[in-house]
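The values are calculated or read from the model by the stated rules, or taken from the named source; none is laboratory data. On a predicted model such as this, the values are computed, not experimentally measured, just so you know. Here the Cβ positions follow ideal geometry from the backbone for every residue, glycine too, while neighbour counts run over all protein chains shown. We work out accessible area using only protein heavy atoms, side chains counted, and drop any ligands, DNA or RNA first. Shrake-Rupley method; radii C 1.70, N 1.55, O 1.52, S 1.80 Å.
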Amino acid sequence: MTLHLDPRAPWVISTHDLGRRPGSMREMHLTLPAPADVGVDMIGVPKDADVKLDIRLEAVMEGVLVTGTARSPLRGECARCLEPVTSETEVSFQELFFYSAEDAAEDDSLLDGELFDLESTFRDAVVLTLPLSPLCSEDCTGLCSQCGVRLADAEPDHGHEVVDARWAKLQGLVTEHNNDQES
Ligand SMILES: [Zn+2]
Ligand SMILES: [Zn+2]
């Protein structure tokens, strides 16, 4: 498990100022552009949107413990009426970046020299908080199942005169039956 981080990538952060003495600590306040594909089907963080990070780096024996919060905008679609939905999310995260793969389990994160990459930590934290069915408002009434108009924009008594398909069939049977008797 080797990794080579690009020091110029926005989410790659240097621990140079922290050093390796256990107990040393640094706080950082950063605004980073959101990476692509942070989200689920209906909602997510728009690519390149400002993500505001408050993080604390702490040197421990095995690596660097990163604790923080991230605030970012969200954009998506209402699961009922498909209108745009915008909101904000704030997530907390904590991750230990190991100095050496020997101390780490397979899924653990590693430092590359003095660098670590916070992108997947952020992505995982955000995705966990996203609603699978975002709504434009709690009581969104969705779309008319007959004509697709957004019911919040329609007349209060919006509706359609529809003969239930099962009824139509039954009516047909009754008529046929009567015909049989007459013949
Ligand atoms: Zn809606
Ligand atoms: Zn309708």
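Side notes on the structure shown:
- Tabulated pairs, the range 150-167, first at pLDDT 90 or above, second among the hydrophobic types (A, V, I, L, M, F, W, C), C-beta under 6 angstrom, 6+ apart or interchain: Arg150/Cys81; Arg150/Leu143; Leu151/Cys144
- Test: residue in the range 93-108 that is farther than 25 Å from Pro7 by Cα, in a loop (DSSP other than H, G, I, E, B) and more than 24 Å from the chain's Cα centre (by Cα): no
- Some residue of the range 25-37 being within 16 Å of ligand 1 (Cβ to nearest atom), in contact with a strand residue (DSSP E or B) (Cβ under 8 Å, 6 or more places away or on another chain) and modelled with pLDDT of 95 or more: no
- Scan of the range 111-161 for residues that are touching an Asp or Glu at 6+ places or on another chain (Cβ under 6 Å) and under 23 Å from Pro84 (Cβ atoms), ordered by number: Cys136
- Condition met for Val12 (at pLDDT 95 or above and farther than 30 Å from Pro134 by Cα): yes
- Consider the range 109-159 and keep the residues that are of a type in the set (Ser, Thr, Tyr) and surrounded by 15 or more Cβ atoms within 10 Å (Cβ to Cβ). The one that is farthest from ligand 2 (Cβ to nearest atom) is Ser109.
- Residue satisfying all of: in the range 68-87; open to solvent by less than 40 Å² (accessible area, probe 1.4 Å) and not β-branched (Val, Ile, Thr); farthest from Glu138 (Cα to Cα) among these: Gly68
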